[in-house]
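Have a look at the structure below, then the notes.
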Amino acid sequence: MSDLAPDTILSVRDLRTWFKSRRVIAKAVDGVTFDLKRGQTLAVVGESGSGKSVTSLSIMGLLSPPGGIESGEVLFRDSKGVVHDLARASAREFRRLRGKEIAMIFQEPMTSLNPLYTVGDQIGEMIALHERMSHAEARRRALEMLRHVEIPDAANRLDDYPHQMSGGMRQRVMIAMALACNPSLLIADEPTTALDVTIQSQILDLLRRLQDQFGMSILFITHNLGVVAEIAQDVVVMYSGRVVEHAPVVPLFRKQKHPYTQGLLACTPNAARDLSASGERKALYSIPGSVPPITALPPGCAFAPRCRYAIDACSSIPPQLEAVGDHHLSRCLRSAEL
Amino acid sequence: MAAIATSTQGHNPGLLVRLLSRPTAAAGLVAIVLIALAAILAPYVTPHSPTQLSIANRLTAPNTVYWLGTDELGRDILTRVLHAGRTSLSVAFSVVIVSSIIGIVLGLVAGFFRKADAPVSRLIDAMMAFPDILLAIALVAALGASAFNVVLALGIVYAPRMARVVRASTLVIRELPYVEAARALAVPTPVILVRHVLRNVTSPLLVQGTFIFAQAILAEAGLSFLGVGISPDIPTWGIMISAGRQFMNSASWLLFYPGLAIVITVLALQLLGDGLRDLLDPRLAKDI
């Protein structure tokens, strides 16, 4: 457990999170491995059902039955340098870590705040829970956090109820709440998905600035590769509970070594590319088919039925995650040819 | 009842105004407030003593001195109806409190903790399967007839209704992102239950509480009428009806006015409850 490199804050090793029912086992996360370095951002990308959210819930210890971690390690180094294995942490250990050391923001800013309390109250609750502070001090700290997340006229917005704020504002409040106790790891589960495009980029800018300021590492869950390019240093692409490609952001965008990543990138709308000079619209590319149910995965490559490069071998031989370049891993039999 | 009205005000400042803009709900609210005031102020506003006997004036028909007549012992009916209202209303209100406490605990446990759901829900179902008044009679018979035991028995009888409402809302709220967010920030479960779940169950609780208030008034009157209620020397509406029933043909005012008091109170509570439900349910459907 102590073999965690000093600059690594989170190391997920061969994590398997399964949902077991009497008849079937759904392997939502099946052997996922990645490292997150201090102060950096790792993006986990994938479609709905790829296992990216279950990965984040596994790290937070928020799985509820029948879901559970089957095997693997989730090593986390807290701010004092102590390494915890979150895959085996007790409820008590998690209570100490959550909020204080690891914080999380969610996709739905509209419903992630309790409608009955003011935002100042909710940020204050969070602070009072983890720090020994008087009510007045917690309120001051809440105000300070609202300023950090760049809410205009913060002193007056402190007593606003969530319904008086826009989606972008609420997401800022969620970020203020998450960062109130200066966590070393922030898990952001699709934090910009429910927001307007202009607000999205504001929130991403904000997260980047706060990362410089607070020095936290970010595990960024998203299905949008465009967002990944904005914020991440490292990218993990997941499909059907497995990592299919893992690379630093620049090489990944320059040359995708897995057909799924290529497909994902081609699916990202690009106004300049899709609308030709004559005004004619090109159809947006979409990957044919849909994610297979994780209870009925094909014997070979899980992506083979949807893959345009698939050969006969793909449907029988399960591909392994192999190095295809410097720090670049891909799970495809034909990676070398792509 | 006044307490419920003010608590709605604190919960949502616009609610009272919106409630008063609905004629039926406003009528219910006004009636309830007047009835509650009359009961509270009974010792100061009633012209006679509720216990003083006056054999000369026994079974007097309503007249200018005794507005609603007198009973078989010459006691003023108006005075007794108002004094009985004190007991009937406070017993019914206490029943709402007791059933809320039991119902909230059972409902939160059943709704929030998956493993507890089946056993607690079956218990609730089993209790609901008993006829209300029969279960209450059995409980009062077992515990002994006193105001406290009547409150306790009716509280237990109506607790499952509260529990169902709380459980249903808890099931919805449990899955909301802000509860998950609270868990992700290590908010202790009891705090989540009270701050995040219970506070958001307030609206349906209020509606259900109003209906249980009305039911409890009827049930208490029923128990008193059947002679298993509060001791007969303390006037309640049910006891007055019970005592007056032998004069049904000769002096019907003995039954009529306490009966009317029950009808008006229950009707007012039902109107208020319907109004509250209409106001609060669409909001619930939108927010949750």
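Dipole size of the protein assembly as shown about its Cα centre, with +1 on Lys/Arg Cβ and -1 on Asp/Glu Cβ: approximately 460 debye, rounded to the nearest 20.
For the protein assembly as shown, the number of Lys pairs with C-alpha atoms closer than 17 Å, counting only pairs eight or more positions apart or on separate chains, is 4. Note on the protein assembly as shown: dipole from Cβ charges, positive end direction compared against A:241, B:260, B:140; the farthest Cα belongs to B:140. With the convex hull drawn around the C-alpha atoms of chain B, the volume per residue stands at 139 Å³.
For chain A, what is the Kirkwood hydrodynamic radius in Å, using each pair of distinct C-alpha atoms? About 21.2 Å for chain A. Here the stretch A:109-182 is assigned +1 on the Cβ of each Lys and Arg and -1 on the Cβ of each Asp and Glu. Its dipole about the Cα centre then comes out at about 100 debye.
Only Cα pairs under 8 Å and 6+ residues apart enter the sum, and on that basis the relative contact order of chain B stands at 25 percent.
Of the beta bridges in the stretch A:180-265, as assigned by DSSP with both residues counted there, near 55 percent are antiparallel. Of the DSSP beta bridges with both residues in the protein assembly as shown, give the percent that are antiparallel, rounding to the nearest 5. Here the share of antiparallel DSSP bridges comes out near 65 percent.
A dipole drawn for the protein assembly as shown from +1 and -1 charges on Cβ atoms has a positive end, and of B:239, B:198, A:71 the residue lying farthest that way is A:71.
Largest to smallest in accessible area, the residues B:96, B:33 fall in the order B:33, B:96 (1.4 Å probe, all protein chains included). Surface burial for A against B, with a 1.4 Å probe and both sides summed, reaches about 2000 Å² of accessible area.
Shielding value for A:103-115 is 5, the average number of Cβ atoms from other chains within 10 Å of each residue's Cβ. Take each residue of peptide B:185-193, count the partner chain Cβ atoms within 10 Å of its Cβ, and average: the result is 5. In chain A, Cα pairs under 8 Å separated by at least six residues give a relative contact order of 19 percent.
Rounded to the nearest 500, the 222 nm mean residue ellipticity of the protein assembly as shown from helices alone is -16000 deg cm²/dmol, with -39,500 (n - 2.57) taken per DSSP H run of at least 4 residues. As a calculated quantity, the FRET efficiency between residue B:17 and residue B:172 at R0 = 35 Å, using C-beta atoms, amounts to about 0.80.
Rounded to the nearest 20 debye, the dipole magnitude of the stretch B:119-243 is 480 debye, with +1 charges on Lys and Arg beta carbons, -1 on Asp and Glu beta carbons, and the Cα centre as origin.
The values are calculated or read from the model by the stated rules, or taken from the named source; none is laboratory data. The structure presented is a predicted model; accordingly, all values stated were derived computationally and were not measured. Here the Cβ is made from the backbone with ideal geometry for all residues, glycine too, and neighbour counts use every protein chain on show. Heads up: the accessible areas ignore ligands, DNA and RNA and are worked out on the full protein's heavy atoms, side chains in. Shrake-Rupley method; radii C 1.70, N 1.55, O 1.52, S 1.80 Å.
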